[in-house]
C-alpha cells in the first residue's frame, strides 16, 4: 500500500514560499513519515537541518533538540534550521515550558502525531502571536483546527466541510493560492471603494465651499450629475477588477486608519483642493472674466465663470480618483483589463470634455454653465486641461 504525494502539492507550496507565506504540516502520522513527506513536497529543503524537540519530564525537566535522520547526537540550530515536534511533546512543552511555546511554534515546520485538539491548540498559539492562520484539511480530525483558524478550507465533502468556512470541490491544495489572491483582491477593492467615496464627498464639499466664498453655488442638475451619473457609475464598475494571477510577498493594507492608508488620503484631498483654488484664480485672470452679480432677493448665484470652472474640474477629479484607487498591481489585474471600467472612464472623460467645449447652447443652459465655446476662452480651456493633467500625475504618484 502506498499513499503518494499529489503532484500539485509541491508547486503550490513553492508558490506560497516565494510569496513569503510560512507553510507548516499538522498531521496525525508518524514523525518520520511526516518528515519524509515534508521533504518531498518542499516544506523543508534538503539542505536545511531538522531537529526534533523533546521534553524530559523527569526532574530536572529539560528541553532537548535531537537531530533527525542523522548519526550524531548534536545539531547546530540557527535561523536556517527547522524544528519538528510531536503531539505528546507539545503538551509537555505547554505544561512545563510555556515560555518556549512561541519560539517552538514559529520555528517548527512539522507537527506530527497531533490529536484534533492539539492541532487546534497549535493554531491558537500561532494566532496569539498575531499570525493570520489558514488551515487546510480533509478529515474529521481537522475539524477543530479548521474552525479555529482565521481561514479554514476543507478539501473534502465529508465532516470537515461542515466546520470549514470554505470547501473546495477539487481535492488538492491548488485552491489555496486562488483563495489568497481572491481575498487580497477583495480587500484592496473594498479599501479602494471606501477611499473613493470618502474623497468624492470631500472634493464635492471643497468645491461647494469655494463657490460659497465667491457668492455662488452649484446647480441642481450639477449635483444630480455628480451623484447619479459620475459617482454611481464609477463605484459600480470599480469593483469588477479581477485578482492578480499570482501571489506577491507584499501584503495589502489591512487597517483603514493606518498611516499607509490615511496619509495618501490626506495628500489626495490637498492636491484636489489646490487644483480647485488654482482653476479659480486662473479664470479670474482672464480678460473676459466678469464676476456674477446677485439678483434682487437671491442669496447666491448659480451660473458664473467660477462655477463653470470649478464644476468641470471637479468632474475630471472624480474620474482621476477612481483611476487612482483602481490601480491593479500587485494584488489585482491592470485596470485596462477591466473593460467596463475603462468604458465608463472614457465615456465620462469624453462627456466632461464636451461640457468644456459645449458645442451648443442647450447643454450649457441645462448644466448652468457659461459658454466655454467662445473663441476667446481657448487659452483658459487649454490651461484647465493642463491643470487636470498635473492633477492626474500627482494623484497617480501618491
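The values are calculated or read from the model by the stated rules, or taken from the named source; none is laboratory data. Note that this is a predicted model, so its numbers are computed, not measured. When we count neighbours, we look across all protein chains shown, and the Cβ atoms used for this are built from the backbone with ideal geometry, even at glycine.
Looking across region 277-304, the residues that are modelled with pLDDT of 85 or more and not in a loop (DSSP other than H, G, I, E, B) come down to 277, 278, 279, 280, 281, 282, 283, 284. For region 1-12, filtered to residues that are part of a loop (DSSP other than H, G, I, E, B) and in contact (Cβ under 8 Å) with a residue 60 or more places away in the chain, the residue that is farthest from residue 139 (Cα to Cα) is 8.
Let's see how each residue does on (1) in the same structural domain as residue 146 (by TED's automatic domain parsing); (2) more than 17 Å from residue 110 (Cβ to Cβ); (3) touching a residue at least 24 places away in the same chain (Cβ under 8 Å):
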{"residue": "14", "(1), (2), (3)": "yes, yes, yes"}
{"residue": "25", "(1), (2), (3)": "yes, no, yes"}
{"residue": "30", "(1), (2), (3)": "yes, no, yes"}
{"residue": "33", "(1), (2), (3)": "yes, no, yes"}
{"residue": "36", "(1), (2), (3)": "yes, no, no"}
{"residue": "39", "(1), (2), (3)": "yes, no, no"}
{"residue": "44", "(1), (2), (3)": "yes, no, yes"}
{"residue": "47", "(1), (2), (3)": "yes, no, no"}
{"residue": "51", "(1), (2), (3)": "yes, no, yes"}
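Does region 218-260 hold any residues that are within 22 Å of residue 181 (Cα to Cα) and in a helix (DSSP H, G or I), and which are they? Within region 218-260, 235, 236, 237, 238, 260 qualify.
Each residue in region 249-277 was checked for being surrounded by 16 or more Cβ atoms within 10 Å (Cβ to Cβ) and over 16 Å from the mean Cα position of the chain (by Cα), and 7 pass. Residues in region 138-150 that are free of Cβ contacts under 8 Å to residues at least 24 places away in the same chain and assigned to a loop (DSSP other than H, G, I, E, B): 139, 150.
Of all residues in region 20-59, those being within 28 Å of the chain's Cα centre (by Cα) and surrounded by 15 or more Cβ atoms within 10 Å (Cβ to Cβ) number 5. Of all the residues in region 97-137, those that are in a helix (DSSP H, G or I) and either out of contact with any strand residue (DSSP E or B) (no Cβ under 7 Å at 6 or more places or on another chain) or not assigned by TED's automatic domain parsing to the domain that holds residue 49 (or both) number 17. Restricting 166, 196 to residues that are in the same structural domain as residue 292 (by TED's automatic domain parsing) and more than 22 Å from residue 29 (Cβ to Cβ) narrows the list to 196.
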